[in-house]
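Take a look at the structure below.
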Amino acid sequence: MAPWMLSVAANTIDRNFVSHVQLGNGNVYQGVAINLFDLGGKQYPLVYAGDVPNIAGGFSSSTSRFCGVNSVDRNLVRGKIVLCDSSAVSFPSLNGAVGVVMESTTTWHLIRTFPLPASHFNPPSGNPIRLYITSNPAPTATIFRSVDVNHTNAPVAADFSSRGPNAISPNILKPDLSAPGVNILAAWPQNVPISPGNPLLSPYNFASGTSMACPHATAIAAYVKTFSPWWSPAAIKSALMTTASPMDARFSQGAEFAYGSGQINPLKAVNPGLVYNASESDYVEYLCGIPGITRAQLRLITGEDIICTDTNTGRDVDLNYPSFALFMGRGQSLRVFFPRTLTNVEATVSTYRATVYSPPGLNLQFKVDPPALTFHGIGDTKSFTLGVQGWLSATDPTTVSASLVWSNGVREVRSPIVLF
């Protein structure tokens, strides 16, 4: 949550791998998985795990349906494809089965490799398979090898990625940006199996998480620094944020609280045009403005013995941050100014003009003063204020998304504005 750290959300990419399941009645359903096995289109008996409990082991239909450890009768699943109500399947317990069809809502869209032909469904699409089993005296199915498909809605914020708002400083928008973090082909320890219950080893595996997204952002920050090694960490962070590609809030629950400035764009980040820079003293002023912060806590963070005074205490909205956020009370009339300073990182003389994009029909007004800034070469700085006044009524949304864009006709410096 700290403003000097880059907080990276995880998003999907436009490539995914699916494994189709064809039933004996000809219907085909698309699941998600890395299936490297080829059944050649042959139909095999299909059985529901809840119908084949390991009774001798003390299991019933209510427990065997999840395909947990020793929960199914191995004799009854041998040579068959098994339908399980979970993705946490005990594959050693299904030894002898031909394949597995899993259905669960939990991270069903994350691809994995399996020791058997397999496919993974969200229940609404998987339930017809169960219906087919119950309505057919001899149900059969086959599972096809995986193929890659295009996801037209990508990038979308991953459901497992943490959402804001910032619990310590609500007026500092977090996360800062988003990066690819779903179904990423990544390096893998060669002495660790890439799938449960399978001795298959590989130097690569598909993994998901902000643990995948953060390395993308780290590498891109290093890439940007190779072009401008004199830039401060704050300048690099600003370049990453203000050149990020906007994401569609319709597909990402939480909007900016899910993806921040949007998906990171390495090519644009190299030439951001302008940056919001910040120094250690700016962060000290921010820290001193946090209510109740102690001298000992400051020492833990800064490594120095700092005494907060009127001269080094600021507001969180004063921090020269590349995004804008404001926590406001419902029906509360407000008039707030965000002071900011932009630094030119291009050698040319250029004039940038400000545009605020906001949803219509709200009792909120945005004003940028001055509305145009002219820069004269590298290192030239110009200051402005973003003013926000008005209120949110009982019928207005709880979160308002807007954006401030500075443009010189060639480059755009984009910052999200979130009022909530």
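The values are calculated or read from the model by the stated rules, or taken from the named source; none is laboratory data. If you're wondering where the values come from, they're calculated on a predicted model, not measured in any experiment. Heads up, the Cβs are rebuilt from the backbone with ideal geometry, glycines too, and the neighbour counts pull from every protein chain shown. Areas reflect the complete protein model, heavy atoms only, side chains present, ligands, DNA and RNA absent. Shrake-Rupley method; radii C 1.70, N 1.55, O 1.52, S 1.80 Å.
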- request: Evaluate the stretch 399-412: report whether one residue or more is within 24 Å of ASN271 (Cα to Cα), in contact with a helix residue (DSSP H, G or I) (Cβ under 6 Å, 6 or more places away or on another chain) and either of a type in the set (Val, Ile, Thr) or in a strand (DSSP E or B) (or both).
  value: no
query: Of the residues LYS382, LYS367, which is more than 28 Å from the chain's Cα centre (by Cα), within 27 Å of ASP248 (Cα to Cα) and in a strand (DSSP E or B)?
result: LYS367
- prompt: Tell me, which strands (runs of 3 or more DSSP E) wholly within the stretch 165-263 include 2 or more residues that are open to solvent by less than 60 Å² (accessible area, probe 1.4 Å) and under 28 Å from LEU287 (Cβ atoms)?
  reply: 177-180
message: If I filter the stretch 68-75 for residues that are in contact with a strand residue (DSSP E or B) (Cβ under 9 Å, 6 or more places away or on another chain) and open to solvent by 50 Å² or more (accessible area, probe 1.4 Å), do I get at least one hit?
response: no
query: Would the stretch 141-164 turn up any residue that is within 30 Å of PHE337 (Cα to Cα) and open to solvent by 30 Å² or more (accessible area, probe 1.4 Å)?
result: yes
- prompt: Which condition number in (1) crowded, with 17+ Cβ neighbours inside 10 Å; (2) touching a residue at least 40 places away in the same chain (Cβ under 8 Å); (3) under 27 Å from ILE290 (Cα atoms) is the one that VAL368 fails?
  reply: (2)
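Hey, any hits in the stretch 15-38 for a residue that's closer than 30 Å to SER238 by Cα and of a type outside the set (Asp, Glu)?
Yes, because at least one residue in the stretch 15-38 is closer than 30 Å to SER238 by Cα and of a type outside the set (Asp, Glu).
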- line: The correct count of residues that are free of Cβ contacts under 8 Å to residues at least 24 places away in the same chain and assigned to a strand (DSSP E or B) in the stretch 385-398 is 0
statement: Here the qualifying pairs (Cβ atoms under 9 Å; residues six or more apart or on different chains; first in the stretch 324-337 and of a type outside the set (Phe, Trp, Tyr); second open to solvent by 100 Å² or more (accessible area, probe 1.4 Å)) come out as MET328/TRP391; GLY329/TRP391; ARG330/TRP391; GLY331/TRP391; GLN332/TRP391; SER333/TRP391; LEU334/TRP391
Yes/no for LEU83 being modelled with pLDDT under 95, open to solvent by less than 10 Å² (accessible area, probe 1.4 Å) and of a type in the set (A, V, I, L, M, F, W, C): no
task: Could you please find all residues in the stretch 34-85 being without any contact (Cβ under 8 Å) to a residue 40 or more places away in the chain, of a type in the set (S, T, N, Q) and not in a helix (DSSP H, G or I)?
output: ASN54, SER60, ASN70, SER71
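Of everything in the stretch 326-345, what is in contact with a strand residue (DSSP E or B) (Cβ under 8 Å, 6 or more places away or on another chain) and farther than 16 Å from THR385 by Cβ? Give them in sequence order.
If the condition is that a residue be in contact with a strand residue (DSSP E or B) (Cβ under 8 Å, 6 or more places away or on another chain) and farther than 16 Å from THR385 by Cβ, then MET328, SER333, THR343, ASN344, VAL345 are the ones that fit.
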